[in-house]
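> Just dropping this structure here.
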């Protein structure tokens, strides 16, 4: 097969993708930038977003250096302890370098996504003035810059470190040494998503509460001093935050699958280790084709254009997947090669189907075409309380279908794995790993769709604030509503892939422990400390969410005070004769959000470390109580995290769209249309506001928390073993 | 020691307690019944409550008979399968009879509680017209009727079946045969709590939305046709529902501890099996003394009187516990008797302390003396949305402390157990069982305090509706507010004991599986089907809660339609010249609530059965995949249930009290008192309404769901094993 050939292809495709991302970025930047008043607003958004990111990265950079020092210290001090010593030569610095590289790449990924999106917004707005199709293409290509570079960088990072650390000769130790890359990526992603999520919702809630509720001015009204901060928020939360989130997902899952591949070395040789990288690289090519195919007629729903691109991407990715399977995965004797590889491909198809199912389920629960959102709108007739009750009930209920899908996918992929690799230890688990790879194959396209959201949202804001004509606003509204859908879909996809990938990462952790202790470790809930570990893991998810939600409230209070002060000290603002001080609001939210992200972030990082060390000595030597309790914390925490994130994301999305449904004019009570400003609409606005920190702060941060729990335990596993 | 002596003492104390419950009931019934207008209202409540219970019991009775037939069928058809055959002679009918007895006792327990409370309300209201102390005593003694009879009946049931089925000679099989008693009790409790919980909140929400919001009349206004249904609801939800809930708790935990005792037979002989019954019986005596000591000065906070009684009960129960330990539990050689028994007593003390900690934590999160509720009140300044966000954040946050307490208690009790029984298999687990027994020792007193709640709530309603003078209303308001506190405390206690007892019931299940298969079963989350079982268990908790919350909404819609109809068709009602048709409202809620309880109830019962059977064949013979997946479902479901119930109960209680805090006049904005009808108050009312189905329907039903998962798996375990 030629290990070097495979690696060359992977790295080559990655480089080509980066070049293409650059080409796309140039195309977007070269597009017309419209009228001066629009440019002025876009400039304010750009400055605010860049100022936030600069400060945020300074804070995260400091935290990362501290974390790197601690990791190096742990490994260096214990370098002669057998657990660490057997991990290979130079493990201390290799893990630390991996961590820092992962952290840096994650930060760059977030920055690139935002760099383009805060420029694509203006170009999209300008394009919308002449052609819907052109606006759609610009927004999607802007999104693709982020999607392609995130996935390409994760491949370059993982593949590059693998080569650099000598993985071609020492396949057994190197994947364990580069888990630091995944941890670094999730470490940065956690703070990026938390900080960005707090920023975006604090600005949004603050702007709404003073603007819409107290002063009675519409959303995106230029008189509101917090309105620029609100538009900045969309970029720092959805672009920078989600970019870092998906970067660490792809990185962590690549590494996890490679570690499982080590276990199957006797079966597949290097093929099993390199398969995840090649499958992902083919997915990049598929995405490039898909993105270039996105277009729509002027009178068409732009979502159709995106869906066609997604379909093509999926089909091509599947084809690439098949090539990778038949090239790299030669099954053991006992099953003819073709049949065994067919089973493995079947596991991959399960992953693809799971991605589709999640996208569909999320739409069902959050779009107003369907029952759940309409029920919430109905409940708004009797006021905000029933609106909230109904939204929470929808949130709780909507955990059911995704879990059934995931359960079926896990069991099915496991079965395919055992059929493909009969009698091979870990064969079934490799089936679930392949399903995860399948689900993540079109990942770059999904990420492009996600970044599409804030670009179109911002484009709408720029059109609105610069007071462009009604028909242009109508066009950007259509794009904006598609953007809302794609943002919701991405969250569903992210949760689904997190759920599927969780098992992959658990297994990698267990493989690592087995490598150290020489014995398979069960995670047996009937042991009291293990059960307690699980209980603490689930609780961590709830307490972390509480802190994230509270952080939004605290940061929003700061915004509210500032907006009130500006209105009071400068009456010209409301009269429209004076310009509000946007920059000060942006500054204040930045400081507030960064301060509030530290506590939940540290809790997430320190809790598993504390359990691992505290429980280490509970069971005596050889009992591995620390490692087992942390594993339970990770697994039950993942279960709780998947469920709570689903509740938070979907109830938030459903509330948002229940409000939009009422605004659309289709909602009637006794035959009378209830539109904006009606009583049901006011009730629906309450629900929408409640949902904001759910779906844009706590929910997405939980995705990262789940991955962080996995990567941190992977990195520290040797230290939890007595 | 004399097994017969111990059993005679247990059964004797139970009978004495029942007699005393009868004496207390007579005392309450003999108290003066006040003015005719008060009697009229009380009569309406009584009729409504009895009509509801009669219909509810008909439905539950039918469901129980079907369930009994299915259980008998399963056991009878498989009577020659080794798993079942080895459980002893006549297992099919013994399990079925146990089930029916448990179901019947649970129904009787609920009925007795309600019988007294719907009569004690009027007597308490009458007493309040002359003496606060007398009113307090009547309400508490009314509550004690329920507390004493529930615990006594559970002892009589478990102890009686043990003797009847020949447990004195066949200690090994009989406890496994009477697990049906626990299942029957939880089966009835689930439907009783669901039906009652849906009823009480549908009536409450319905009455409030039309009365307070639409018609603008105060709470408990006699012109509101749903007001009697609302007062009925307090009785059927809190008395009948919670009575059945705690009945099944005590029953299930007694049986679980007895099964653990079987495993320790070589160490303790019959002592270990009978210990739970004796400890509980001593707790009954302690409760009787405590209840008789309850009194307060006219100018004193009545809560002080209840707290003094609780303190005395706890101290006496602890003493009885020590006697039981030193009499029945002789430790193995290797540790001197006194030291070993000291450790066991230590585990019991941990249980008592856990109960105290839970009571304190619940108060901290739900009383307006403390930070969390005040934060919610502060958040109400900016409207209903921030009030809701803040309440949810408090709900999520408040899972932290209880879980730390439970974790410490489990680990501590486990450690005491291993110290007391060094080298004995299951010794540590027996430590946790003893801690559970310790926590449940003062259970009858707690239950009395719980029933105290609806009695004083109803007394207040009767005084309000019959328009008694202001100063009397003030007295009943004080009692009512104490009642709200005790209701919240009981829920905290119920969750704490459920968490501690969960481990006891898991262990009993594992012991049972071990008895059948001869091998210890791990519950290993690293196996895909086991992880999926856990995932499904946690999801069950969320979906069940969604259904319970939705059921309230649906049933409330029916109430709203009916009240509107009455107001429209009979304008004399609002004018005060015509009496509304209370009975029709009561009827309509009854039918609505009973219809809505079936779906969530069946889901809870069928989900574990489905997983047990569906997964049975996944792993092949000997793998016990069915039994293991169900165990994971049970354990992870319990973790999720404990957390979600804590969220729902405490956020609901905190919202309620944030509203009360604002109403108390202590809440100021910029120095101005914000009382009733202020904007923050309106926002707080929204939160209170949202919290209603959380804290009175879904939360309490989750307590029962957790226990039901345990008892159902205990009963069906032999069928899940291949």
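The values are calculated or read from the model by the stated rules, or taken from the named source; none is laboratory data. Values in this document were obtained by computation on a predicted structure and should not be read as measured data. In this analysis, Cβ positions are derived from the backbone assuming ideal geometry, glycine residues included, and neighbour counts consider all displayed protein chains.
> Are any of the residues in segment A:339-348 surrounded by fewer than 24 Cβ atoms within 10 Å (Cβ to Cβ), part of a helix (DSSP H, G or I), at the interface with chain B (Cβ under 9 Å from one of its Cβ atoms) and out of contact with any helix residue (DSSP H, G or I) (no Cβ under 7 Å at 6 or more places or on another chain)?
No, segment A:339-348 contains no residue that is surrounded by fewer than 24 Cβ atoms within 10 Å (Cβ to Cβ), part of a helix (DSSP H, G or I), at the interface with chain B (Cβ under 9 Å from one of its Cβ atoms) and out of contact with any helix residue (DSSP H, G or I) (no Cβ under 7 Å at 6 or more places or on another chain).
> Just give me the residues in segment B:29-46 being assigned to a helix (DSSP H, G or I), in contact with a helix residue (DSSP H, G or I) (Cβ under 9 Å, 6 or more places away or on another chain) and farther than 29 Å from residue B:184 by Cβ, in sequence order.
From segment B:29-46, those assigned to a helix (DSSP H, G or I) are B:29-30, B:36-46; that's our starting set.
Those left that are additionally in contact with a helix residue (DSSP H, G or I) (Cβ under 9 Å, 6 or more places away or on another chain): B:29-30, B:37-39, B:41-46.
Hits for segment B:29-46 are B:29, B:30, B:37, B:38, B:39, B:41, B:42, B:43, B:44, B:45.
> Residue B:130 versus (1) free of Cβ contacts under 8 Å to residues at least 60 places away in the same chain; (2) assigned to a helix (DSSP H, G or I); (3) more than 18 Å from the chain's Cα centre (by Cα): which is the lone unmet condition?
Status for residue B:130: all satisfied but (2).
> Sticking with this structure for a sec: Residue check, residue A:585 against (1) crowded, with 16+ Cβ neighbours inside 10 Å; (2) more than 21 Å from residue A:220 (Cβ to Cβ); (3) modelled with pLDDT of 85 or more, all met but one. Which one?
(2)
Conditions tested, residue by residue: (1) closer than 18 Å to residue B:477 by Cβ; (2) surrounded by fewer than 24 Cβ atoms within 10 Å (Cβ to Cβ).
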| residue | (1), (2) |
| --- | --- |
| B:125 | yes, no |
| B:128 | yes, no |
| B:134 | yes, yes |
| B:141 | no, no |
| B:145 | no, no |
| B:149 | no, no |
| B:153 | no, no |
| B:161 | no, yes |
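> Can you tell me how many residues in segment A:374-401 are within 24 Å of the chain's Cα centre (by Cα) and crowded, with 24+ Cβ neighbours inside 10 Å?
The initial filter retains those residues of segment A:374-401 that are within 24 Å of the chain's Cα centre (by Cα), namely A:391-392, A:394-401.
Of the ones still in play, those that are also crowded, with 24+ Cβ neighbours inside 10 Å are A:391-392, A:394-396, A:398-399.
Going through segment A:374-401 one residue at a time, the tally reaches 7.
> Let me ask another. For residues that are surrounded by fewer than 18 Cβ atoms within 10 Å (Cβ to Cβ) and closer than 15 Å to residue A:692 by Cβ, scanning just segment A:191-220, find the one that is farthest from the chain's Cα centre (by Cα).
A:213
> Restricting attention to segment B:638-674, which residues are without any contact (Cβ under 8 Å) to a residue 40 or more places away in the chain and within 14 Å of another protein chain (Cβ to nearest Cβ)?
Residues satisfying the conditions are B:659, B:670.
> Could you count how many residues in segment B:407-417 are surrounded by 24 or more Cβ atoms within 10 Å (Cβ to Cβ) and either touching a strand residue (DSSP E or B) at 6+ places or on another chain (Cβ under 9 Å) or at the interface with another protein chain (Cβ under 9 Å from one of its Cβ atoms) (or both)? It would help to see each step written out before you state the result.
In the first step, residues of segment B:407-417 are kept if they are surrounded by 24 or more Cβ atoms within 10 Å (Cβ to Cβ); the result is B:409-410, B:413-414, B:416-417.
In the following step, the residues that additionally are either touching a strand residue (DSSP E or B) at 6+ places or on another chain (Cβ under 9 Å) or at the interface with another protein chain (Cβ under 9 Å from one of its Cβ atoms) (or both) were identified as B:410, B:413-414.
Adding up the residues that qualify gives 3.
> Under the condition of being free of Cβ contacts under 8 Å to residues at least 40 places away in the same chain and either part of a loop (DSSP other than H, G, I, E, B) or more than 7 Å from chain A (Cβ to nearest Cβ) (or both), which residue from segment B:514-553 is surrounded by the fewest Cβ atoms within 10 Å (Cβ to Cβ)?
Selected residue: B:518.
> Out of everything in segment B:594-632 that is more than 20 Å from residue B:541 (Cα to Cα) and under 23 Å from the mean Cα position of the chain (by Cα), what residue ends up being surrounded by the most Cβ atoms within 10 Å (Cβ to Cβ)?
Within segment B:594-632, the match that is surrounded by the most Cβ atoms within 10 Å (Cβ to Cβ) is B:594.
> Name every residue in segment B:677-699 that is assigned to a helix (DSSP H, G or I) and farther than 21 Å from residue B:200 by Cβ, in order of residue number.
B:679, B:680, B:681, B:682, B:683
> Check A:366, A:354, A:362 and return the single one that is at pLDDT 90 or above and within 21 Å of the chain's Cα centre (by Cα). Full working, then the answer.
Numbers: A:366 fails: at pLDDT 90 or above; A:362 fails: at pLDDT 90 or above.
When all the criteria are applied, what remains is A:354.
> Only one of A:720, A:694 is crowded, with 24+ Cβ neighbours inside 10 Å and at pLDDT 90 or above. Can you tell me which? Let's see the steps before the verdict.
Numbers: A:720 fails: at pLDDT 90 or above.
A:694 is the lone residue from the list that is crowded, with 24+ Cβ neighbours inside 10 Å and at pLDDT 90 or above.
> I need every pair where a residue in segment A:418-445 that is at positive phi and within 12 Å of chain B (Cβ to nearest Cβ) has its Cβ under 9 Å from the Cβ of a residue that is at pLDDT 85 or above and surrounded by 24 or more Cβ atoms within 10 Å (Cβ to Cβ), sequence separation at least 6 or different chains.
Close Cβ pairs satisfying both conditions: A:426/A:417.
> Which members of segment A:554-582 meet the condition of being at the interface with another protein chain (Cβ under 9 Å from one of its Cβ atoms) and modelled with pLDDT of 85 or more? Show your work before the answer.
The initial filter retains those residues of segment A:554-582 that are at the interface with another protein chain (Cβ under 9 Å from one of its Cβ atoms), namely A:556-557, A:560.
Across segment A:554-582, the qualifying residues are A:556, A:560.
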